[in-house]
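The values are calculated or read from the model by the stated rules, or taken from the named source; none is laboratory data. The structure presented is a predicted model; accordingly, all values stated were derived computationally and were not measured. Using ideal geometry, Cβ is built from the backbone for each residue, glycine included, and neighbour counts are taken over all protein chains shown.
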Amino acid sequence: MEKHKLIIIMILIGLGINAQIYKSAKGEIVFRETSKITNKKLFDESLKTAKENFKKSLIKSLLKEEENTGKEKEIEEMCNLSADALKMIYTEDSTEMYVYKFKDNLQDFSKNFILKVSEDKKSKKIIKGYDCYKVKYEYKENNEHADEEYKIYAKNTIYRREMWVTKKIKSLYHPIVFDKIILEKYYPLEILETQSDIKGFERRFKLEKIELK
């Protein structure tokens, strides 16, 4: 059953972190994360579909293992529980504060596939004294080392981020964004995140405080 545990862990913490590491600048940055259901009907429908697809892919994956022969009922029950656990990722209408110490962190970069990036420099906003403009980008997770059934489940999921960014901060460390190609050009101070398979749900990260030394 170790394979099952690995698949769940990958979903809960994300996939595709590169081993390349950079030391960050010293200081502190504080973000407020707000998770919100924007359309309950769409959210419930899409989560139901995602859970069913995930359950099917997990059952198929586990039944391929010789050690699981004759354990069909046990595996189905376990996969039902695992699929129900997907809802843990999409916390309803919650707010949390995250404090990150630059000096205590090393930056890992993702291997996400960046699909497109667009700038809107006409849209301007000042965040905590920093001049910002809008940038949008889309990406897919890199699942090259994942189980084939999981690849089928996750291959069509597109993550979308709408960000307010500044060029006044030059740092490859960011507690939310791990895409090097983005951090080399912009520093995001506000992020709105959605994904194609779970509709009617969003995560927003707002800068509450930043101190750089």
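A few points about this structure:
- The stretch 173-213: number of residues that are in a loop (DSSP other than H, G, I, E, B) and hydrophobic (A, V, I, L, M, F, W, C): 4
- Considering the stretch 46-72, the residues that are farther than 18 Å from Phe201 by Cα and hydroxyl-bearing (Ser, Thr, Tyr) include one that is modelled with the highest pLDDT, namely Ser57.
- In the stretch 38-45, the count of residues that are surrounded by 15 or more Cβ atoms within 10 Å (Cβ to Cβ) and at pLDDT below 90 is zero.
- Test set (1) out of contact with any Leu (no Cβ under 7 Å at 6 or more places or on another chain); (2) of a type in the set (A, V, I, L, M); (3) more than 30 Å from Lys56 (Cα to Cα); (4) modelled with pLDDT under 95 - Leu192 fails condition number: (4)
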